[in-house]
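The values are calculated or read from the model by the stated rules, or taken from the named source; none is laboratory data. Values in this document were obtained by computation on a predicted structure and should not be read as measured data. Positions of Cβ are backbone-derived with ideal geometry, glycine not excepted, and every protein chain shown enters the neighbour counts.
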Amino acid sequence: MVKKSQKSNRQRRHVSFLVSQVVLLTTLLISSGLAINRHRYASPRLPAFRNQPLEIRPIYDDPRIVTDDQLHLVLTKLEPIFGKSEPKINHVDHALRFWGASAEFQNSQCLSGTQMRQLLINDSALISAWGEKTPPLLVPTDTGVAVRVQEGLATASHFDHTLATLAEIGTPLDYPIQTRKGIRSMEDMLRHALLNFSVNQTEYEWTVLSLALYSPNSAVWSTREMQSVDFNVLAKRLMRQRMGQGVCEGNHRLYTLAILLRVDDEHAILSLQTRSEILSHLTDATRRLIATQSAQGYWEATWAGDEIAATPSSPSGIQRGRVLATGHALEWWAMAPDSMHPPKECLARAGQWMVKEIESMSPSAIRDQYTFLTHAGRALSLWRGELPNEFIKRRSANRETN
């Protein structure tokens, strides 16, 4: 009887122990889940913003790369002749960055700078151009306003490219944007980009560029997942991939690094070590470009030298690759310190090849390659010390005076 009672007590203690362990484990799991949730959605620390973005001005003027007459010809051929009905948003996005918000054109089939910006930030303008059934480009979220990317012709082609475009053309953060759920502001677009940023996201070049223009300070900030970030972290991320990898063969990363150097000149956003690493990285890129430039002046997808990149076999594919590689290289060099530049004859050869290539292109070829060509046209203008619309206005004023 005693043995039976002892056995019964042991069973009860065993059951009680198991129950207590289950309760403890459940409590730990719930606590861990809450902790993870609090960690993931804790209030982030965003850097202080400036309402008016920095303007990074061109600093060189070299007619050997492109003459006034050549630049006028190029810019005229690259006017945004999209028509008023269903213009591709990635074309509008790139054209606005190219021409700026104050651009106006005599051709009625061209969109003005104001019209292009409205298409990107005003849902009513998008509906007028694309119809009421078109999904919105701007999507309000719990962290701000997102821009739809790579979901059709009425969406952007690069992550945060629209944000960077609006920053580079001088759009203030209090500028209103109209969504289908009401009026928001540019700051909502920037906040969404930063709160949802990850150093491991697919494309981050334009996010970093936007941050540098709207928040040129050295503060450490954190994402919604409490990931600590500053410009040193971002710069190292930009340099982490192999040289020719990434969107547009790695050139967007080189451009953003060049801009970080320009911002650092005035606002000290980088450590001395990080700045030195960027200079070395861009010097290496220049070395590779010098070594792989063709006799005619262009580059191809294999510009980085040790990258494995297949050269397109079709004539149109070959031309697209050359326009992309050459235009982008000229663009980031135009914003980089002159110590990063190749010999002047290298730049002149590239600029003259670019001019002749654009001059020979048919309207259909220009439409097909328009996004790449905006980088090329903008680069040529930067090498003459002006933004494209500034050059056109000055040229027109000089002709009227004479």
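Listed here are the residues, each with its yes/no results for (1) among the acidic types (Asp, Glu); (2) over 22 Å from the mean Cα position of the chain (by Cα); (3) within 22 Å of Ile56 (Cα to Cα).
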| position | (1), (2), (3) |
| --- | --- |
| Ile259 | no, no, yes |
| Leu272 | no, yes, yes |
| Glu277 | yes, no, yes |
| His281 | no, no, yes |
| Thr286 | no, no, yes |
| Gln296 | no, yes, no |
#### Entry: Residue ID - farthest from Met239 (Cα to Cα), chosen from residues in segment 286-304 that are out of contact with any Gly (no Cβ under 8 Å at 6 or more places or on another chain) and surrounded by 17 or more Cβ atoms within 10 Å (Cβ to Cβ)
Tyr298
#### Entry: Given (1) within 20 Å of the chain's Cα centre (by Cα); (2) under 15 Å from Glu168 (Cα atoms), index of the condition Val145 fails
(2)
#### Entry: Set Glu205, Glu187: member being under 28 Å from Thr134 (Cβ atoms) and under 13 Å from the mean Cα position of the chain (by Cα)
Glu205
### Task
Would you kindly identify the helices (runs of 4 or more DSSP H) lying entirely within segment 335-402 that contain at least 2 residues that are within 18 Å of Glu168 (Cβ to Cβ)?
370-382, 388-401
### Task
Please work out if Gly317 is small (Gly, Ala, Ser), buried (at least 20 other Cβ atoms within 10 Å of the Cβ) and over 18 Å from His281 (Cβ atoms).
no
### Query
Residues of segment 301-327 being modelled with pLDDT of 60 or more and within 23 Å of the chain's Cα centre (by Cα), which ones?
Ala301, Thr302, Trp303, Ala304, Arg320, Gly321, Arg322, Val323, Leu324, Ala325, Thr326, Gly327
### Message
Among the numbered criteria (1) in contact (Cβ under 8 Å) with a residue 60 or more places away in the chain; (2) in contact with an Asp or Glu (Cβ under 7 Å, 6 or more places away or on another chain); (3) among the basic types (Lys, Arg), which one does Arg180 miss?
### Response
(1)
### Query
Out of curiosity, is Thr302 part of a loop (DSSP other than H, G, I, E, B) and among the β-branched types (Val, Ile, Thr)?
yes
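Residues are listed down the side, and each one gets a yes or a no for (1) touching an Asp or Glu at 6+ places or on another chain (Cβ under 6 Å); (2) without any contact (Cβ under 8 Å) to a residue 60 or more places away in the chain:
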{"site": "Gln115", "(1), (2)": "no, yes"}
{"site": "Ile121", "(1), (2)": "no, no"}
{"site": "Leu126", "(1), (2)": "no, yes"}
{"site": "Glu132", "(1), (2)": "no, yes"}
{"site": "Pro136", "(1), (2)": "yes, yes"}
{"site": "Gly144", "(1), (2)": "yes, yes"}
{"site": "Leu153", "(1), (2)": "no, no"}
{"site": "Thr165", "(1), (2)": "yes, no"}
### Query
When Lys236 is evaluated against the numbered criteria (1) of a type outside the set (Ser, Thr, Tyr); (2) within 23 Å of Val147 (Cα to Cα); (3) more than 12 Å from the chain's Cα centre (by Cα), which criterion, by number, is the only one it fails?
(2)
### Message
Is it the case, given these coordinates, that Leu75 is closer than 23 Å to Ser381 by Cβ and at pLDDT 95 or above?
### Response
yes
